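Chemist: I'd like to ask some things about the structure below.
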Amino acid sequence: MYIVSGAKGQLGSDVCDVLKKRNIPYIGIDVDDLDITDENAVEKFFSNNNVSCFIHCAAYTAVDKAESEKELCMAVNFNGTENIARQCRKSNAKMLYVSTDYVFGGKGDEPFEVNDEKAPLNVYGESKYLGEKAVEKYCNKHFIVRTSWVFGEKNTNFIATMLKLAETRSEVNVVSDQTGSPTYSKHLARLICDIAESEKYGVYHGTNEGYCTWSDLAKKTFEIKGKAVKVNPVATKEYPTPAIRPKNSRLSKRSLDEGGFERLPEWESAVKEYLLK
Ligand SMILES: NC(=O)c1ccc[n+]([C@@H]2O[C@H](COP(=O)([O-])OP(=O)(O)OC[C@H]3O[C@@H](n4cnc5c(N)ncnc54)[C@H](OP(=O)(O)O)[C@@H]3O)[C@@H](O)[C@H]2O)c1
């Protein structure tokens, strides 16, 4: 049986949809079904279910709040992930852990390779990196899929925030010195299931193709929706946030290519598909 944690979240809900379409038996769980920080509850869950593959999408994802809630963020993203990894090992189950571009330090302007040095700049990034290390330590049949700048139907995301602002504003200031790849959760969910169904264990980067800045993404959003909102590019230092963000979030797809997995569509077409559905 496949298990999907974070099943009510942005990505987890799309992963459940893909498994359903592929007729793969699965159980989608969220915090009400299983609090992953509760070690005994996780152990009991594995004894009660015949887990063959655990797709771990649940996470503490409030990046700025994490700076003042470090304990909770670590409990979910590190200890919670460790609890699952140990049980996957015990059950001889595969585990797919969704991670983030924030494990890297954001230096330079080249795409990060999967094994490049990790240097998280914020608490959330550090917690996800410790989660990666726990998965590698405890579960041999593991996949780690790092993604970035996710948007989807559930929860809020940058694109939805821009469209909300467009209701009341004729111009917005958006940072233009952070570069990465927006990723449509529906596209990523398909890739995650392709990887989880395989036995090609290892670390992958999964994002839509191409790179842009947040201000490029805002401009594209308004263009597609025909909104007359001016986007003023601003530097990160003019828009301080509690958590430091990496300037460079480009992720290399080399290992995805080597594994024979199909890359995701270009980010512009992904945004169009999302906005015009
Ligand atoms: N969003 C992005 O831009 C982005 C970028 C890179 C990587 N990622 C990674 O992608 C994955 C999916 O992210 P997402 O955007 O789908 O996040 P999301 O929408 O916030 O979903 C995360 C889910 O995890 C659940 N959860 C939180 N604490 C839990 C606990 N103690 N036990 C069980 N479940 C718990 C949440 O439930 P509640 O809502 O009830 O708390 C939520 O349903 C995460 O691993 C995230 O780190 C996301």
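The values are calculated or read from the model by the stated rules, or taken from the named source; none is laboratory data. On a predicted model such as this, the values are computed, not experimentally measured, just so you know. Note that each Cβ is placed from the backbone with ideal geometry, even for glycine, and that neighbours are counted across all protein chains shown. These accessible areas exclude ligands, DNA and RNA; they are computed on the full protein's heavy atoms, side chains included. Shrake-Rupley method; radii C 1.70, N 1.55, O 1.52, S 1.80 Å.
Chemist: Scan the range 60-79 and give yes if some residue there is within 19 Å of Ala196 (Cβ to Cβ) and crowded, with 17+ Cβ neighbours inside 10 Å, otherwise no. I'd like the intermediate steps shown before the answer.
Modeler: Keep residues of the range 60-79 that are within 19 Å of Ala196 (Cβ to Cβ), which gives none.
Checking the range 60-79: not a single residue is within 19 Å of Ala196 (Cβ to Cβ) and crowded, with 17+ Cβ neighbours inside 10 Å.
Chemist: While we're looking at this one, here's another question. Could you tell me which residue of the range 219-249 is surrounded by the fewest Cβ atoms within 10 Å (Cβ to Cβ), considering only residues that are in a helix (DSSP H, G or I) and without any contact (Cβ under 8 Å) to a residue 60 or more places away in the chain?
Modeler: Across the range 219-249, the extreme among qualifying residues is Lys237.
Chemist: What residue, of Asn122, Asn83, Asn50, is open to solvent by 20 Å² or more (accessible area, probe 1.4 Å) and in contact (Cβ under 8 Å) with a residue 24 or more places away in the chain?
Modeler: Exactly one of Asn122, Asn83, Asn50 is open to solvent by 20 Å² or more (accessible area, probe 1.4 Å) and in contact (Cβ under 8 Å) with a residue 24 or more places away in the chain, namely Asn50.
Chemist: Moving on. What are the residues in the range 159-202 that are within 14 Å of the ligand (Cβ to nearest atom) and not in a helix (DSSP H, G or I), if any?
Modeler: Gln178, Gly180, Ser181, Pro182, Thr183, Tyr184
Chemist: (1) within 16 Å of the ligand (Cβ to nearest atom); (2) on the phi > 0 side of the Ramachandran plot; (3) open to solvent by 40 Å² or more (accessible area, probe 1.4 Å); (4) of a type outside the set (Lys, Arg): which one isn't true of Tyr129, the others all being true?
Modeler: (2)
Chemist: Which ones in the range 1-32 are open to solvent by 40 Å² or more (accessible area, probe 1.4 Å) and within 8 Å of the ligand (Cβ to nearest atom)?
Modeler: Hits for the range 1-32 are Lys8, Val31, Asp32.
Chemist: Also, I was wondering about something else. Just name the residue that is nearest to the ligand (Cβ to nearest atom) out of those in the range 142-158 that are charged (D, E, K, R) and either open to solvent by 50 Å² or more (accessible area, probe 1.4 Å) or within 15 Å of Lys220 (Cα to Cα) (or both).
Modeler: Restricting attention to the range 142-158, the residues satisfying the condition of being charged (D, E, K, R) are 146, 153-154.
With either open to solvent by 50 Å² or more (accessible area, probe 1.4 Å) or within 15 Å of Lys220 (Cα to Cα) (or both) added as a condition, the list becomes 153-154.
Details: Glu153: 10, Lys154: 6 Å.
The residue in question is Lys154.
Chemist: Here's a follow-up. For the range 93-102, state whether one or more residues are open to solvent by less than 60 Å² (accessible area, probe 1.4 Å), touching a residue at least 60 places away in the same chain (Cβ under 8 Å) and more than 16 Å from the ligand (Cβ to nearest atom).
Modeler: Within the range 93-102, one or more residues are open to solvent by less than 60 Å² (accessible area, probe 1.4 Å), touching a residue at least 60 places away in the same chain (Cβ under 8 Å) and more than 16 Å from the ligand (Cβ to nearest atom).
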